Amino acid sequence: MKKIGLIGGMSWESSLVYYQLLNQLTKERLGGFHSAKCIMESVDFAEIEALQHEDNWNRLSQLMIKAAQNLEQAGAQCIVLCTNTMHRCHKDIVKHTDIPFLHIAQATGEEIENMGIKTVLLLGTKFTMEGDFFKDYLQNQFGIEVMIPAAKDREIVHNVIYNELVKGKILGHSREQYIEIIGKAAMLGAEGVILGCTEIPLLIAEKDVSIPVFDTTRLHARYAVDFAHS
């Protein structure tokens with residue numbers, strides 16, 4: 001079993017879910033008392049959040065590179081970045097480390113492809129929805145068309161993440177807003193929805209909507225466990 005290196009803390013609520021999933025999936029695979037071999041480098045999300053909203057991605061990349069290098073030096077055999085948004089820095093991480101980087105969009109794209117879906121809605125932070133790093137990956141690697149909500153709805157999705165979910169607040173009204181946004185996209189042709197922020201699965205589940213849900217947190221964790229046992 002390979003040792004999984006986790007860059008966490010963005011937010012710690014979703015990092016907790018990663019740790020839980022890695023161990024649950026390992027136990028399902030191996031049975032008995034088995035659990036995942038992993039190590040986590042957890043950052044201070046207050047610093048990360050401030051730099052994101054300052055648009056200081058050079059400094060953010062430096063922090064992610066350092067976190068990844070710390071994991072590599074500690075014996076990790078792969079890097080799992082426990083957040084969608086910070087995958088914007090993944091090329092810099094890959095450039096400055098020598099162990100495999102397990103990309104969250106690769107895990108997600110493989111599942112979408114396996115289900116034969118060609119058009120999906122992407123929900124996440126504004127950085128993820130409006131940036132190209134996730135959308136282009138799915139388009140270039142899998143030929144998947146990615147839709148994003150209208151500008152007003154993007155604001156709702158983003159604000160719920162930063163004002164509620166990362167603070168552990170799960171509100172019914174916000175769930176209803178997300179369901180409405182997903183419903184509108186389904187009417188426009190979305191065959192599935194990517195929960196492209198690791199906190200969104202705390203709010204939305206498959207049972208809440210009429211189209212398939214792609215939980216990037218769960219898919220990423222499963223991808224890491226598969227790698228650890230390859």
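Bear in mind these aren't lab numbers, they're just calculated from the coordinates by the rules spelled out. As the structure is a prediction and not an experimental result, all values here were calculated from the model.
Of all DSSP-defined beta bridges confined to the range 104-215, some 0% are antiparallel rather than parallel. Angle of helix 12-30 to the longest C-alpha principal axis of the chain, folded into 0 to 90 degrees and rounded to 10: 70°.
For the range 104-215, the alpha-carbon radius of gyration amounts to 0.98 times the rule-of-thumb value 2.2 N^0.38 Å expected for a compact globular protein. For LYS207, a cut-off of 26 angstrom between C-alpha atoms picks up these lysines, skipping any fewer than 8 places away in its own chain: LYS27, LYS118, LYS126, LYS135, LYS152, LYS167, LYS169, LYS184. For the chain, the longest principal axis of the Cα atoms and the long axis of helix 104-114 meet at an angle of about 60 degrees.
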